[in-house]
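Comments concern the structure below.
The values are calculated or read from the model by the stated rules, or taken from the named source; none is laboratory data. Model, not experiment: these values are computed from the prediction. Note that each Cβ is placed from the backbone with ideal geometry, even for glycine, and that neighbours are counted across all protein chains shown. SASA here: full protein model, heavy atoms, side chains in, ligands and nucleic acids out. Shrake-Rupley method; radii C 1.70, N 1.55, O 1.52, S 1.80 Å.
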Amino acid sequence: MDQERQTLPMLPLTSGVVLPGMVFTIALESDEAKAAGDAAQSAGGELVLVPRIEGRYSSVGVVAKIVEVGELPGGTLAMAVSGERRALLGSAVPGTGQALWVQVDPVIEAPETPAVLELAREYRAVLENILLTRGARAMAENLRHVTGASKIADVSGYSPDLSPQQKLQVLETIDVEARLRLVLGWAREVLADISLRQQIKSDVEEGMGKTQREFLLRRQLEAIRKELGELDGEPADGSPEGYRAQLESRDLPEGVRGALLREVAKLENMSEQSPEKGWSRTWIEAVLEIPWGNTSPDNLDVAAAGRVLDQDHDGLVDVKDRILEHLAVRKLRHDRGLAVVGSRGVGAILALVGPPGVGKTSLGESVARALGRTFVRVSLGGVHDEAEIRGHRRTYVGAQPGRLARALREAGTMNPVIVLDEVDKLGADYRGDPSSALLEVLDPAQNHTFRDHYLEVELDLSQVLFIVTANVAETIPGPLLDRLEVIRLDGYTEDEKLAIARHHLLPRQIERTGMRPEEVEVGDDALRAVGADYTREAGVRGLERELGRMLRKVATKLASGSAVAPVVIGGGDVRTWLGRPRFFFEAADRTAVPGVATGLAVTGAGGDVLFVEATAMDGTGGLTLTGQLGDVMKESAEIALSYVRSHAGELGIDAGDLAGRRFHVHVPAGAVPKDGPSAGVTMTSALVSLLTGRPVRPVVGMTGEVTLQGRVLPIGGVKQKVLAAHRAGLSEVVLPMRNGPDLEDVPEGVRDAMIFHLAETVDDVLAAALEPSSAGADHEPAPGSGLEGDALVAA
């Protein structure tokens, strides 16, 4: 290598990179460049070109040969050079003139391997694609004449897509294979970018061409339709004439007709390219899709409607009576030629409030079938945007009518039965309060002029029968609740569940499992066992789920041939099909020790039984409360303890048992939040039971608010609490005296099976709830006391 070393003048390049094989014109503007040019001409016409990028000289230069020296059009001296070969820069040496002379060593390239040749062919192909894509066909053809893998890689010096730093990297990469891989990767990225740009351009041009083509075709089609319209008198659909023809044929309110005519006139004067033309057509069609003037005739046969309601649902007498009352009023007004119900404040807005699974939503379908109307369900659970009710303004992109207008469009009539489901779960945030928007909808005195923000015309909702459903009424805003006629569905008794399972749930599940009714027989005792031991709910959704699980196992046996139809399931067979029971009558076990009382509560899932446990320990006085209790329930516990302390002597409690002792009251199921004042008597009974050593009778459940004077105040949810006590196997319930009239709402079968103690004071509660002083003796009602059967007893 020392024999081939050369000493050549060096010319730094600050504005580009020259690779071997490139022909490059260099302006000799600086003294340094002129000196290097003069020295090169005196040294046989060769010099070494070294890039200087970002203040750094490259360690590899290119030995170039001067091809021509002359002047540029502006008079500047320049020379054309041709890159010959790479060279490694050595040390500077003295030389003639002002030029910088350096020693350079040639770069010896390795022989070309098959891998190098394959990379070279691929790189050449990618470059040809790039050039052809850009329309440089002549350059692509010239590229085919370049031979040698190293020269093909150095063609990248001409690429406008590479930065000076990338070209410098190519220059300094001595290994040909590595150089080819480097430039091939960059070329692939460039080709992908060009392809993407071309695809986008093609899509845009295609879209524009399609739009123009559609425009021309529509104009031609419009002309053809116009000619045909002159022949048969029918204007084209979607044209102003077509809309006017629809307006003439429809029975529209005057306000709606006027708004449509004004919009059609605006549409007629719009340019075909205007985006507002599409919005205008969409609005006109949305208004025309509302079934203006279309109503379905009501079935005014009250007896037939009653039969339909009875076929679809067992129980729910109050709801059925209210529907039949509504129908009877319509029938009388119709027969006597009076105004139709539903115009100006005489419509019906029913609210069905009850736990899940009692049939609120399905009852709406049954009402629609009984009245002969169409049925539409609007789910409001989780809705927190007012525009969902009133619609979006037309100025918004993608605007559409609200849910009520869409419900009328779906129903096809102006008097459907619309169920607003889960209204108690409406949300509210910065987008508005949907419950406030419902105030107008659910007010019979206002909803005949409801205005949807999108339609901007008056909608008459007075003929719609609205049925609102909710699990709890407490979360419904007061102004909205005031507009509703609340009918409570507090749950089913055991006999009602048996009837529902026999008439509705069992046939439906048999059909869903693919069996025939004669292939399986489920006895009443089996249905009762499923309802009592595997579900504990106010509704029947869990009961249907368990029946479906049991019948699927029967279907599996029949399909596999391990059982022969008919399969008979009795009460003792239920455990074989469903496994161990999930619920037990645990009141006797829980209340066997003093300090535990059985209370009754109302939750979103219906009535429920809860246990209150109390204990005492030596230490500083005070009260500890656990069980995730709310503020009101904590205050009830404080009141109960204060009452017991202040009336210890009357209750037979030694004052020494209270002094210096700390009490702890716990309500199990600590993961479930609890609140409300109705557990006051239960907490008082638990504390008295603890301090007197008299257990609470295991058959007794109780509810009521207690005061510091020991009075028992009325509470709500009596029916739900009594049904929960009945489901839990309790036979006696202690209620506040002023809740006595509420027992009329309890089903007669439950009233007959239970004993009710009506209490005015805590003394009345304790007399009914605690075991006698001789603990452990069975508690029997005194003869003639009136505690037997369906008696209402003031304990």
- Proximal aspartates and glutamates relative to Lys201, as straight alpha-carbon distance under 19 Å, when same-chain residues fewer than 8 apart are discounted: Glu189, Asp193
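With charges only on Cβ, +1 for K and R and -1 for D and E, what is the dipole size of the chain about its Cα centre, in debye, rounded to 20?
On the way: 85 positive and 115 negative charges, 250 e Å.
It comes to approximately 1200 debye.
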- Could you work out how far helix 317-335 tilts from the main Cα principal axis of the chain, as a 0 to 90 degree angle to the nearest 10? 90
- Task: Enter the per residue convex hull volume of the chain, computed from alpha-carbon coordinates, in Å³ rounded to the nearest integer.
- Result: 378
- If we count every other residue with Cβ under 14 angstrom of Leu168's Cβ, Lys/Arg +1 and Asp/Glu -1, where does the sum land? +2
- Item | Simple label model, 7 Å out from Cα along Cβ direction - Arg244 to Leu117, nm | 8.1
- Item | Summed side-chain charge close to Arg541 - residues other than Arg541 whose Cβ falls under 14 Å, Lys, Arg +1, Asp, Glu -1 | +3
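What does the extension gain come out to for Ser15 and Phe583, with contour length at 0.36 nm per residue minus their alpha carbon separation?
Values: separation 568, 0.36 × 568 = 204.48 nm, distance 8.75 nm.
Fully extending the segment from Ser15 to Phe583 adds 195.7 nm.
Summing Lys, Arg as +1 and Asp, Glu as -1, what charge do residues with Cβ under 9 Å from the Cβ of Leu527 carry, Leu527 excluded?
On the way: positive: Lys497, Arg502, Arg528; negative: Asp524, Asp525.
Surrounding charge for Leu527 is +1.
Rounded to the nearest percent, how much of the accessible area of the chain (1.4 Å probe, protein heavy atoms only) is carbon and sulfur? Walk me through the intermediate numbers first.
On the way: 19710 of 38830 Å².
Summing carbon and sulfur atoms, their accessible area is 51 percent of the total for the chain.
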- Query: Over the range 431-552, what lengths in whole Å, largest first, do the semi-axes of the equivalent ellipsoid take, defined as the square roots of 5 times the eigenvalues of the alpha-carbon gyration tensor?
  - Reply: 43, 18, 12
- Task: Calculate, for Tyr158 and Ser202, the FRET efficiency according to 1/(1 + (r/R0)^6) with r their C-beta to C-beta distance and R0 30 Å; round to the nearest 0.05.
- Result: 0.65
- Under 18 Å Cα to Cα from Lys320, which lysines show up? Leave out anything in the same chain fewer than 8 places away. Lys331, Lys360, Lys497
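As an exercise, use a Förster radius of 30 Å and the Cβ-Cβ distance of Val329 and Thr475 to find the FRET efficiency, rounded to the nearest 0.05. All intermediate terms of the calculation are to be shown ahead of the outcome.
On the way: r = 31 Å, r/R0 = 1.04.
Between Val329 and Thr475 the formula returns 0.45.
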- Hz values of 3J(HN,Hα) by residue in the range 504-514 - Karplus curve (6.51, -1.76, 1.60), Gly and Pro given as x: 10, 5, 5, x, 5, 5, 4, 5, 5, 7, x
- Note on the structure: Each label sits 7 Å from Cα toward the beta-carbon; between Thr361 and Lys34 the label points are separated, in nm, by 9.3
- For the chain, the longest principal axis of the Cα atoms and the Cα long axis of helix 254-268 enclose an angle in degrees, to the nearest 10, of 10
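Share of antiparallel DSSP beta bridges in the chain, in percent to the nearest 5?
Details: 52 of 95 bridges.
Close to 55 percent.
Could you tell me which of rounded, prolate or oblate describes the range 320-477, using a ≥ b ≥ c as the square roots of the eigenvalues of the alpha-carbon gyration tensor, with rounded for a/c under 1.5 and, failing that, prolate when a/b is larger than b/c and oblate otherwise? Before the final figure, lay out the partial values.
Details: a/c = 1.95, a/b = 1.29, b/c = 1.52.
Since a/c reaches 1.5 but b/c is at least a/b, the shape of the range 320-477 is classed as oblate.
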- Taking a label point 7 Å from the Cα of Leu88 along the Cα→Cβ vector, which residues of the range 163-182 have an amide N closer than 20 Å to it? 168-180
- Item | Range of Cα positions in the range 44-144 per principal axis (Å), largest first | 48, 41, 30
- Looking at the square roots a ≥ b ≥ c of the eigenvalues of the Cα gyration tensor of the range 734-775, which shape do they give, rounded for a/c under 1.5, prolate if a/b is larger than b/c, or oblate? oblate
- Message: I want to check the label-to-label distance for Glu285 and Ala616. Put each point 7 Å from Cα in the C-beta direction and report it in nm to one decimal.
- Response: 8.0
- Could you let me know the centre-to-centre spacing of the range 261-280 and the range 352-431, using Cα atoms, in angstrom? 32
- Query: Reachable lysines from Lys167, Cα under 28 Å, same-chain residues fewer than 8 places away excluded?
  - Reply: Lys34, Lys65, Lys151
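At a Förster distance of 60 Å, what's the computed FRET efficiency of Ala592 paired with Arg451, Cβ-Cβ distance as r, to 0.05? Show your work: numbers first, answer last.
Values: r = 65 Å, r/R0 = 1.08.
It comes to 0.40.
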- With Cα coordinates, the longest principal axis of the chain makes an angle with the long axis of helix 541-560, in degrees rounded to 10, of 70
- Query: For the range 612-705, treating each Cα as an identical point scatterer without solvent, what Debye log10 I(q)/I(0) comes out at q = 0.17, 0.21, 0.22 1/Å?
  - Reply: -0.71, -1.08, -1.17
- Query: Heavy-atom accessible area per residue, the range 423-501, 1.4 Å probe: how many Å²?
  - Reply: 38
- Message: Under the rule of at least 5 residues apart or a separate chain, name every residue whose amide H is placed under 5 Å from the amide H of Gly701.
- Response: Glu732, Val733, Val734
- Item | Helix-only [θ]222 nm of the chain, DSSP H runs n ≥ 4, -39500 (n - 2.57) each, per residue, nearest 500 | -12500 deg cm²/dmol
- Inter-part distance where the range 604-676 and the range 470-532 are each reduced to a Cα centre, Å: 37
- Query: Considering the range 86-184, what Rg and Dmax in Å follow from its alpha-carbon atoms?
  - Reply: 16.5, 51
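Check each of the GluC sites (Glu not before Pro) in the range 437-498 and keep only those in coil by DSSP with at most 16 other C-beta atoms within 10 angstrom; list them in order.
Working: sites: Glu440, Glu456, Glu458, Glu474, Glu485, Glu494, Glu496; in loops: Glu456, Glu474.
Here the sparse-neighbourhood loop sites are Glu456, Glu474.
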